[in-house]
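To start, the structure itself, in structure tokens.
Every read-out reported here was derived from the displayed coordinates using simple, explicitly stated rules and does not represent laboratory data. These numbers were taken from a predicted model, which means no experiment stands behind them. Note that each Cβ is placed from the backbone with ideal geometry, even for glycine, and that neighbours are counted across all protein chains shown.
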Amino acid sequence: MSVNHLNFDFDQMKEYDHSSGFIEYGDMGSRNEDNSNVGRLGGMPTSNEQRFMDDVPMFTLEQVDYKPKGIQQMLVCSNRIIIATQYSRIIRLDLNNPSDLEEIEFTRRPEERIYKIFLDPTGHHLIISMETEEVYYIHSTWKKPKLQAKWRVNLIESIAWDAADVTPQTILIGNNKGKIWETTISSIEKGIFEKLDFSQKEPMLKQLRLATYAVCLCLKLYFSDDGSPISGMRLERAQNRYFAIITTPSRIFQLIGGPTIENLFQPDNIRFDELPTSLSYSELAFYAKSSISLPTSFAWMIGSGIYHGDLIFGSQNPGDKFTTAISILDFTRKDHRGNPLPPLAFALTQFHFLFLYEDKLQAIGKLNGQIVYEYSFNPKQIRLKGLCVDSANGTTWVYAENIVFELCIRDEDRNAWKLYLERGQFETALEYAKEPYASDKKDMIWATQADYYFKENKFELAANFYGKTHKIFEEITLKFINANQRDALKSYLLQKLQNIPRRDTTQKTIICTWLTEIFIAKLNTLRTTPGQQGNYQKIQGDFRQFINSYKDCLNQATTFHIISSHGAIDELLYYAELIEDYERVISYHIQHQAYDVALNKLTTLKSTHQDLYYKFCPVLFHFIPYQTVNVWMQSPFLNPRKLIPSLMRYDQSRAGRPENQAIRYLRYCVQNHNQDRAVHNYLLSLYVKQDDDSQLLTFLQSPDVYYDLKYALRLCMKEHKLKACVIIYGSMGLYEEAVDLALTVDISLAKENADKLKDEDEALCKKLWLRIARHVVEKDNNIKEAMEFLQHCPLLKIEDILPFFPDFTVIDDFKEEICKSLEDYNQYIEELKNEMDDATSSADLIRKDIQNLRNKFGVVRGDQKCDICSYPVLTKRFYLFSCQHVFHSECLISEIMRHLDSHTRQKVRELQVIVDSGGGMSTKQQQQPNNNNQSNQHNIGNSSNMMIMGDEMSQEESIKNELDRIVAKECLYCGDIMIRSIEKPFIAEDEVDVIRSWEI
């Protein structure tokens, strides 16, 4: 067994003044000048260490107000204090209710004194062992203890409580003769130990006879025949198994077994360590974060020191040990004979041992064995008795014969980080690097850890931790450069890069550039070194991951220069693609004649990179036209107009295919409804140069014409494509030119163009057909074909084409056509005669309707009112309309004037003046209405209601009729006036100037 000895020299401690009862000397966190031994590895605190120290003392001893007399033993569990006095009394105090203090006296015989008391972790169950070997039990709710009369277990030295059980609770009882019993607390009201039968010859439970016998065998085997007292026990349950630690004055046992206690004490499950001791007793202490959690460490006090370590409750097998990190802290205080002087009592906290001597209380660090706190007492005034710890609440108590103290522990782990750092336990140190100054503490830990690894030549690890620190950048980089550790330098820079704030862009760019140089140089070395393919791929992957993460921090021009200077083409192309510099990538492939690769790269780009298509397609189309056109046809976002420069470089002799690829693409565009004139013009120019005119004629005959007709005509004329010219003339509407040219090429084309005008311009259509007929008769002397024109063109008559025939032409060839023409004329005359008869009949009917209108009348009631002013209509001259609306003449005229133009309004006023004066007019007045009547005939319609016709009409009636034609032409409410008023503005045009005159 490997045991580490951590020694501290008590004699080096300062001589203290013991004249007073209590003298406190500060702790590890205080700033007292006397704080020379504070757990550091030599010397006074450095400036960095000094600022981490806390002004609040770690240990403070506070006296309790309550002062009982004759304290013999004291226990605290779950805030319940139990005090046993030398007068065989039990004092019970609940800290949650301090006023409720109980003193229990359970024996009156003076020779009966309390030997030891035992309290379970909950504070409810108290067992009292008397010097007379009697045993009492009392529950927290009882007022009196109960004697366990059947017990014959000698003196109880220790009890182990199974905290995992609530009820019944299992306990192990160890006595001063080296024997162990097991029982349960089954009922609070009736007490405990009902299953324990001491009337038997052997002190053991019937069901655990074998287990107890095995324990006794072990103890007898390794101890003296008289048996050693069971000085300490702890029982825990984890993973359905029991773990137990049992101590005697010189041995410590470890047991793993289960799932029952019986299995726990099987001989094969027991392991022990034995240490020499001069004491007849020992003490066992544990530290747990709470009363319900498993303990994490233990300490066993023997004659020479403290045997301590950590506990791990894991997957160990029966027979294994569950203690680890075992160390021994030697007692440095000596008695008058020079032997180690053990304390009166000791306790274990998370990071300290507490030693209680007759004259002082000491706190010694577990990690470094140094005194961090000391409190001196005057033994003549205070007779110290012992220590106790309440693990449920984390409180520690010191008790003397007549006084009780509470040892307050604050931030016990405040300096743990530095102590673990001194021991080289860096990860544990980081766990305890807490506020305040947590970041600075971690920085010191990482720096120390990095220095350690650097000294151990573990440069990669050192680089990782240097990168987390704030140590001077230049200093660290020079360390790696001087050690010729480029890989470690790379790791350091990468780690440093992760910790640089975003705002420090310049520093990030510098480090990224340096890393790029290191990576590329490493790749260049591995590329030329045989057998390094695996390392090369790994470093290449690391580099690509690096530039993926920090591409925004790299200067592009500098990065390209570094990579290209080393000839790392793969990395150059990767970086270019990463920053979307596709122009560089495609240019590289084209320069190396990898046209297919360049084209494939183009196809992967989105529509946002159209400019690259237009830039590189001329070259690609020149060398691989078929593949390039395929890509174009799959890229609808391209503008064909911008691809025309590429098409103009097409050389069909290099294409290796019979089909013209430029025509193929442009035809695809046209078929997909492209309307760009430039595209159509260029396609036309390509068609014109083809020997076969079929594609050209099909293209020109398309109903949609988007090409330039004049440009097309000029090209076709130049290449002597006459049929194409005929089609173009037709598209231009130049049918005469089209027919004239067609007559020299193809008579059918002439007929088609002439026939296009039959629904638009019959005269021109007839003219063109006559021209075709004349050509057929005069040039071809084909009378029969000329006669067929009469069937194709109804506009032509036989008499139209007869003048083209020679004078001595035989009539037999067109006798039927002449007869048919005469019949058509006869039928036409008959139709005209019928139309004249219909017109005469219609005129008679109109005359009859006019005569009937003169006799039409309407009925007006005597009480009927004007629809405008609502006064009786018969009181004045009025108008009655066929819709039964009736208006006074004055009211109607007044309303109708609003809807007339200024000229008509003036005329109405003049007519009113004449009518009101009785019809007398001067010569001038007589002429003016006539003139006005002549100039406004288009504004005055026939009145269907009030018109009076006749040749012999008096002058007065004529004026009245004129007035009626204007104002009574239609009903004010039912006629067009009401409909037109919807769109009429509220302000008339002639009133605009008047309105503007009122503007401010």
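Below, the figures for the structure above:
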{"read-out": "Over the stretch 420-597, relative contact order from alpha-carbon pairs under 8 Å, at least 6 apart, %", "value": "13 percent"}
{"read-out": "Rounded, prolate or oblate (a/c below 1.5 giving rounded, otherwise prolate when a/b exceeds b/c) for the stretch 112-184 by Cα gyration tensor", "value": "oblate"}
{"read-out": "Cleavage-rule hits, trypsin sites (Lys or Arg not before Pro), the stretch 500-533, DSSP coil, Cβ neighbours within 10 Å at most 13", "value": "R502, R503"}
{"read-out": "Neighbour-count order for V56, V389, fewest beta carbons within 10 angstrom listed first", "value": "V56, V389"}
{"read-out": "The stretch 107-165 and the stretch 445-519: distance between their alpha carbon centers, rounded to Å", "value": "65 Å"}
{"read-out": "Euclidean distance of C-alpha centroids, the stretch 372-391 and the stretch 60-78, integer Å", "value": "11 Å"}
{"read-out": "Sequence-distant residues sharing a close amide H with G305 (under 5 Å, placed H)", "value": "F331"}
{"read-out": "Environment charge at E583 (Cβ cut-off 9 Å; Lys +1, Arg +1, Asp -1, Glu -1)", "value": "0"}
{"read-out": "Net +/- balance of residues flanking E460 in space, Cβ distance below 12 Å, scoring K and R +1, D and E -1", "value": "+1"}
{"read-out": "Distance from the stretch 551-611 to the stretch 659-715 (C-alpha centre basis), Å", "value": "38 Å"}
{"read-out": "Simple Cβ-charge dipole of the stretch 368-425, Lys/Arg +1 and Asp/Glu -1, about Cα centre, in debye nearest 20", "value": "180 debye"}
{"read-out": "Qualifying trypsin sites (Lys or Arg not before Pro) in the stretch 368-436, DSSP loop, other Cβ atoms within 10 Å at most 11", "value": "K380"}
{"read-out": "Within the stretch 438-506, GluC sites (Glu not before Pro) in DSSP loop having at most 13 other beta-carbon neighbours inside 10 Å", "value": "E456"}
{"read-out": "For peptides 829-841, 591-603, sequence by mean Cβ density within 10 Å, most packed first", "value": "591-603, 829-841"}
{"read-out": "Exposure proxy ranking, count of Cβ atoms within 10 Å, fewest first, for L264, L880", "value": "L880, L264"}
